[in-house]
Amino acid sequence: MNDLPTVSYRHLLHLLGPHGLFEHAELTTPRVEHGYCTDDNARLLVLTAQHADQPEAARLSRVALDVVLASVAPDGRCANRLDHTGAWVDQPTTDDCWGRALWALGTAAAKHPDPAVRAEASRGFALAGAQTARSPRTMAFATLGAVEIAAVESGQGHAQRLMRQTQSTIGPVPSGAWTWPEPRLAYANAALAEALIAAGTATHSAWDVDRGLRMLGWLLERETRSGHLSLTPAGGAGPGDSGPGFDQQPIEAAALADACTRALTVTGDARWADGVTAAARWFTGDNDAGVPMFDADSCGGYDGLHRDGVNLNQGAESTLAFLTTIERAAALVRA
């Protein structure tokens with residue numbers, strides 16, 4: 001794929017406020033009154049920690065790390081929401097924000113080029129990693145960070161525990177027409193498959209790798225229609241639902257690109273490279289509405305794909321999903 005958009009952090013810098021990355025935007029203008037969230041700043045850290053040898057990414061990763069570390073309570077749970085003044089307005093939990101915080105901290109501890117950042121992220125992971133969650137999806141997010149830090153720090157005992165708990169929590173993958181461990185697809189679906197592939201590789205469990213690959217292959221086939229991605233909509237999908245469904249969210253494409261990248265690394269099978277390319281093409285217009293899902297001028301990602309067009313607002317989650325997916329596809333081209 002040689003027609004990829006140019007990756008730029010321009011819109012992310014535009015969304016940057018005094019206390020982190022603003023969550024929402026009206027078109028390109030930050031919705032200051034909606035404040036900030038740990039979820040998006042954790043996503044920002046996952047993206048920028050791996051490219052922090054670049055000045056803009058280094059700046060964004062530092063801001064994101066500060067937000068994520070501040071979200072972690074003394075018992076390891078995480079708060080998610082800050083108002084526009086930077087004050088926390090919710091109580092710490094082990095919901096998705098906790099899982100994404102661990103994903104971000106593990107990634108930064110393993111991959112950030114600044115040793116001071118790596119050390120801070122490692123301490124944060126050790127604190128938050130003492131907790132656990134019941135949700136398979138939350139645990140999958142946490143495991144993606146655990147795999148990263150376990151690869152570089154043998155003393156992170158929580159990382160091994162989180163991986164094994166996730167392998168158990170996701171549960172068996174049925175055979176047949178519905179090759180998925182949940183009764184319905186929800187959001188960031190491919191993250192569950194990626195977590196099994198990653199944890200199975202790290203713990204030398206071929207059974208878990210196989211489970212993850214079967215899930216991912218089934219999901220990629222289900223979400224492909226007429227040669228392009230037709231993503232699970234925001235309302236989810238069950239065995240009796242037929243597509244296309246709307247409102248499709250960029251986070252689905254990004255999760256699929258991440259998981260296919262992981263599967264390609266583990267197996268070398270070109271099928272997974274095709275999955276990454278399809279996710280990038282979903283953003284460039286090869287989707288159910290035939291329209292681009294990004295703004296070439298701002299370098300922001302649009303918030304949702306509808307039957308008759310797009311939600312033109314360019315929030316943090318959508319922009320990060322767009323940039324992550326394009327970077328995944330660009331890495332394939334470089335390789």
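Laid out as a table, the results:
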| item | result |
| --- | --- |
| Nonlocal amide H pairs with Ser230, under 5 Å, H built at 1.01 Å | Thr224, Arg225 |
| Heavy atoms of Glu56: accessible area, 1.4 Å probe, square angstrom to 10 | 90 |
| Mean separation of Cα contacts under 8 Å, 6 or more apart, over the residue count of the range 41-200: relative contact order % | 20 |
| Evaluated over the range 104-161, the Cα radius of gyration and Dmax, each in Å | 10.6, 34 |
| Semi-axis lengths, Å, the range 27-95, gyration tensor of Cα atoms, sqrt of 5 times eigenvalues | 21, 17, 9 |
| C-alpha center-to-center spacing [the range 228-286, the range 301-322] in angstrom | 15 |
| Three-way shape label, the range 238-335, alpha-carbon gyration tensor, a/c 1.5 | oblate |
| Residue among His24, Ser154, Ala140 farthest towards the positive dipole end of the chain, charges placed on Cβ | Ser154 |
| Choice from Val89, Val63, Val147 with maximal GNM fluctuation in the chain (Cα, 10 Å cutoff) | Val89 |
| Tensor-based shape of the chain (alpha-carbon gyration tensor, a/c under 1.5 rounded, otherwise prolate or oblate) | rounded |
| Kirkwood Rh in Å, taken over all unlike Cα pairs in the range 1-136 | 15.0 |
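The values are calculated or read from the model by the stated rules, or taken from the named source; none is laboratory data. Small disclaimer: the values here were computed from a predicted structure and weren't measured. Reconstructed Cβ throughout: ideal geometry from the backbone, glycine too, with neighbour counts over all protein chains shown. Keep in mind that these areas ignore ligands, DNA and RNA; they rest on the heavy atoms of the full protein, side chains included. Shrake-Rupley method; radii C 1.70, N 1.55, O 1.52, S 1.80 Å.
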